[in-house]
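The values are calculated or read from the model by the stated rules, or taken from the named source; none is laboratory data. The shown structure was predicted, so the numbers you read here are calculated from the model rather than taken from an experiment. Note: ideal-geometry Cβ built from the backbone for every residue, glycine included; neighbour counts use all protein chains shown. Surface accessibility is based on the protein's heavy atoms, side chains included, excluding ligands, DNA and RNA. Shrake-Rupley method; radii C 1.70, N 1.55, O 1.52, S 1.80 Å.
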Amino acid sequence: MMFLLTGLACSSAVPEGVAQFDAGKLDDAIHTWDGASEHHSGVIAYNLGVAYYRAGDLPRAIAELRGASRLRPRDANVQHNLALARSGLQGVPPPVTAPGWTLIVTAGELGLVALLITAVGSALVWGARARGAGAALLAGGLGLGAFAARASADEDQHPIGVVVDGEAVLRDAADINSGERLRLPPGAEVRVERSLGDFVLVQDGRGRRGWAPANAIVAAW
Amino acid sequence: MTGLLALIGAAHALQVQIRAEPPVLTQGQTGSVSVVIVSEGRTDAQPASGRPPRLPTERGLAAEFAGQASEFGNVNGRISRVQRFEYRLSAIEDGTWTVGPVDVPLDDGTIAHSEPIRVVVNDRPSASAGGPPPEFGIDVKFDDPTLWEGQVAVLQAKFQTRLPGAQVGWRIPDWDGLQLPQQGQPTQSDYAVTDPEMGTVAVNEVRIPLVAVATGRRDQGVVAAEVTIPVGGGGLFAFARGRVEHVVSERLTVDIQPLPPAPSGFAGLVGDVEVESALDRGRKDTVAVGQSLEWTVTVRGSGALDGFELPAYAAAKTLVYDKGSDRAAAFAGDAFRGTATFRRVLVPTEPGPLALPPLTFVAFSPAKGEYVTHTVDLPQLEVVPGEPVASAIQSFGGAAPLAPAAESGPPAVELRPPYPSGRAGSPSLAPFLPALLGLAAAPGLAVLSRLGARRVAAAAKRRWAPRAADPGRASALLVDLPDDPEARWAAFDAALRRAEAEPAAAAHAEAIRALRLRLGRVRFGDERPDPTFEDDLRALVAEIEP
């Protein structure tokens, strides 16, 4: 119920931002959508991506659209705009890819399906109707639920980030004085492995790793 | 084998290669040479016969055919066949000698040709007075401990042993300032060298390519080898016992120099490379307006070509499209070689003479220690007007050509608009999922647990009550009591009668009589319940029966 109220209570931010977007007030639209909720929905993330693209900030557009892609994997508009934003950048390494199943379902949807299967299996076992099938469903649902929980935790701990505003210098250690490994241009998509102080350890689409300043990377979620 | 396929696969044609292991021998030793033929099963012509090809050698070496093998591999989704012909190579005279080339006749009438290789034979030193050579040893080193940033170095780790059956496991340290390239995998090879003084020496050799990604003096630590040496004969079930010994190398360090300030046009490539270019004009001598010309640029060399991209190319009166690229890397002998093939399509748009400008890029040459400009020249073309005929439309790799944006204009693809409605927040189910799953599963798990516990208890009861299995005893009648009250009291009656028949019952006559009265009262009297009767009966039976 709390989730429902939260979602319903803030949904006016979406049309409000669209009105500002249509009037050409991109900064206002971005501010409205960004402040709508602590955890952006797929719609908000997509709309922010569109607004940033229109404002010419392709790296932030890519970051928001990657976040939207995670929540709305089957949305063709998200994939279209993401490909469009990427095509506007030059000299950027290939993006970090996510596991193939995330292109079809989200971890949350998998969790809901697991919950349903578990409940059905439990009911069958309880009702003594088809205990064998019920036990199998129960086990399958718990297994799928464990996988979904693990996948969700992995996504939260290792989000995708995008280099914004300027080149990101990747170093050997989380120290401004350590050796420089490589430089990533704005728009490069990386996976954040962990953080230490003001630095984050990232890996780009070519498997190259290094410590980058945390303020040079915007997390997609 | 995978590395060989990866390197040869980039060229997509039947390839013949000669490899010597080791490439350096001492006079009197015997090593091995392989002739490897890689072909794609469907498209390439195949060797006309399965006989081993003739392997010519110079007078300082002698080759003798030792065997052959054939296997299949997968390179970029294409099935490739690898035929390997093995030869024993004896080092007769010191010097540098040529092995090969090898010519393989194909079934389409052509001949596949391999390049020859060089094998070095060193003079045999005089026998040392220091005693017999060691049983095993390792030799670990970088091919070049002084590197430039971005250069590929090769770590060579070699294990040699005279002990038959000895095995080695390598422990490689975490690299400091070095990392594996994206393309190209470490290789490991096993071969034997026969030496007239030392006998047969088995060699395990590992080569690891590493890219220098930092600068300064970098300590890599040591490489450790765990050697398992068989001891004694076969034990139970023929598993031989073995003793384990550990050997470590000397400390490995590399000095990585930063690159000098780069000139404009530096593409980030560090390595000694050669560039080849081919412009396919089809079978015609003239080029027409709108004709697609496939332009292939191949860069080969010692560098890590993972992230290397050719610079953008633009030419007047020409559209340029990117058709993709392939990269591969593998060891060719001791050297790490990478290959990158870039394909572009040029489409002339106006008739007349067409002078295509050269493509240049700058790479850093570690051998020379300086930047080298590589220039790819293209021929001048004469473009004739195209004929207005219907033809299939080809598209290459994306919507827009590679010409600069100012010339081609904004992309025709439109941005999809924002959504006018929807939820703003996205609360996550993840923190609550384990608890919700537990709640959903709880009823079913409780039932399953109860069923399982009942089964376990029944099994335990059957296992721990052997005396009650005797049907002639009172305790046997009290094990599986029926649920029906009438039948249950009848069973109590029967158990009490059995207990009375026991020899020890005389000492409990009063208790038996009291239970008999209580039983009669419940079964045939006022039928008032007697909840403690069963426990009292069980206690009496336990006392009476031994």
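Scanning region B:259-287 for residues that are among the β-branched types (Val, Ile, Thr) and open to solvent by 60 Å² or more (accessible area, probe 1.4 Å) yields one hit, B:Thr286. When region A:114-131 is filtered for residues that are more than 10 Å from chain B (Cβ to nearest Cβ) and either open to solvent by 70 Å² or more (accessible area, probe 1.4 Å) or under 20 Å from the mean Cα position of the chain (by Cα) (or both), only A:Arg129 remains.
Test A:Gly141 against the stated conditions and say whether it is within 11 Å of chain B (Cβ to nearest Cβ) and modelled with pLDDT of 90 or more. When the stated conditions are applied, A:Gly141 passes them. Exactly one residue among A:Gly56, A:Gly108 is surrounded by fewer than 22 Cβ atoms within 10 Å (Cβ to Cβ), of a type in the set (Gly, Ala, Ser) and out of contact with any Leu (no Cβ under 7 Å at 6 or more places or on another chain), and that residue is A:Gly56. For A:Gln90, the requirement of being open to solvent by 60 Å² or more (accessible area, probe 1.4 Å), over 13 Å from A:Val163 (Cβ atoms) and at pLDDT below 90 is met. With respect to B:Pro418, determine if the residue is closer than 24 Å to A:Glu109 by Cβ, modelled with pLDDT of 80 or more, surrounded by 12 or more Cβ atoms within 10 Å (Cβ to Cβ) and in contact with a Phe, Trp or Tyr (Cβ under 7 Å, 6 or more places away or on another chain). The answer is yes for B:Pro418.
Of the strands (runs of 3 or more DSSP E) lying entirely inside region B:156-222, those containing at least 2 residues that are farther than 17 Å from B:Asp139 by Cβ and at pLDDT 85 or above span B:199-212, B:216-221.
When region B:288-327 is filtered for residues that are aliphatic (A, V, I, L, M), surrounded by 19 or more Cβ atoms within 10 Å (Cβ to Cβ) and touching a Gly at 6+ places or on another chain (Cβ under 6 Å), only B:Leu305 remains. Among the candidates A:Glu193, A:Glu167, A:Glu180, the residue that is within 24 Å of B:Gln182 (Cβ to Cβ), among the acidic types (Asp, Glu), at the interface with chain B (Cβ under 9 Å from one of its Cβ atoms) and open to solvent by 40 Å² or more (accessible area, probe 1.4 Å) is uniquely A:Glu180.
For region A:19-41, a residue qualifies if it is in a helix (DSSP H, G or I) and either modelled with pLDDT of 95 or more or at the interface with chain B (Cβ under 7 Å from one of its Cβ atoms) (or both), and exactly one does: A:Phe21.
From the list A:Asn77, A:Asn81, the one residue that fits, being touching a Lys or Arg at 6+ places or on another chain (Cβ under 7 Å), over 30 Å from A:Arg183 (Cβ atoms) and part of a helix (DSSP H, G or I), is A:Asn77. Taking every residue in region A:200-215 that is modelled with pLDDT of 90 or more and pairing it with any residue that is in a helix (DSSP H, G or I), at least 6 positions away or on another chain, the pairs with Cβ-Cβ distances below 7 Å are A:Val200/A:Ala214. List the residue pairs whose Cβ atoms are under 7 Å apart, where the first residue sits in region B:81-102 and is free of Cβ contacts under 8 Å to residues at least 40 places away in the same chain, the second is outside any loop (DSSP other than H, G, I, E, B) and open to solvent by 10 Å² or more (accessible area, probe 1.4 Å), and the two are 6 or more positions apart or on different chains. From residues that are free of Cβ contacts under 8 Å to residues at least 40 places away in the same chain, the pairs are B:Thr96/B:Arg118; B:Thr96/B:Val120.
Restricting A:Leu103, A:Leu65, A:Leu89, A:Leu58 to those that are among the hydrophobic types (A, V, I, L, M, F, W, C) and within 11 Å of chain B (Cβ to nearest Cβ) reduces the list to A:Leu65.
Restricting region A:95-116 to residues that are in a helix (DSSP H, G or I) and aliphatic (A, V, I, L, M), the residue that is farthest from B:Leu437 (Cα to Cα) is A:Leu103.
What about A:Glu16, is it of a type in the set (D, E, K, R), closer than 26 Å to A:Arg208 by Cβ and surrounded by 14 or more Cβ atoms within 10 Å (Cβ to Cβ)? Judged against the criteria, A:Glu16 is not a match. Of all residues assigned to region B:208-220, none qualifies as being open to solvent by 60 Å² or more (accessible area, probe 1.4 Å), touching a residue at least 60 places away in the same chain (Cβ under 8 Å) and under 30 Å from B:Gly31 (Cβ atoms).
The selection criterion, being touching a residue at least 12 places away in the same chain (Cβ under 8 Å), out of contact with any strand residue (DSSP E or B) (no Cβ under 7 Å at 6 or more places or on another chain) and assigned to a helix (DSSP H, G or I), does not hold for A:Leu89. A search for C-beta distances below 7 Å between a residue of region B:486-513 that is within 18 Å of B:Ala476 (Cβ to Cβ) and any residue that is not in a helix (DSSP H, G or I), counting only pairs 6+ apart in sequence or on different chains, returns B:Arg488/B:Leu481; B:Arg488/B:Pro482; B:Ala491/B:Leu481; B:Ala491/B:Pro482; B:Ala495/B:Leu478; B:Arg498/B:Arg473; B:Glu502/B:Glu545. Just one of the listed residues (A:Gly134, A:Gly210) is surrounded by 15 or more Cβ atoms within 10 Å (Cβ to Cβ), within 11 Å of chain B (Cβ to nearest Cβ) and touching a Ser or Thr at 6+ places or on another chain (Cβ under 8 Å), and it is A:Gly134.
The condition of being surrounded by 12 or more Cβ atoms within 10 Å (Cβ to Cβ) and at pLDDT 85 or above holds for only one of B:Arg450, B:Arg516, B:Arg523, B:Arg462, that being B:Arg516.
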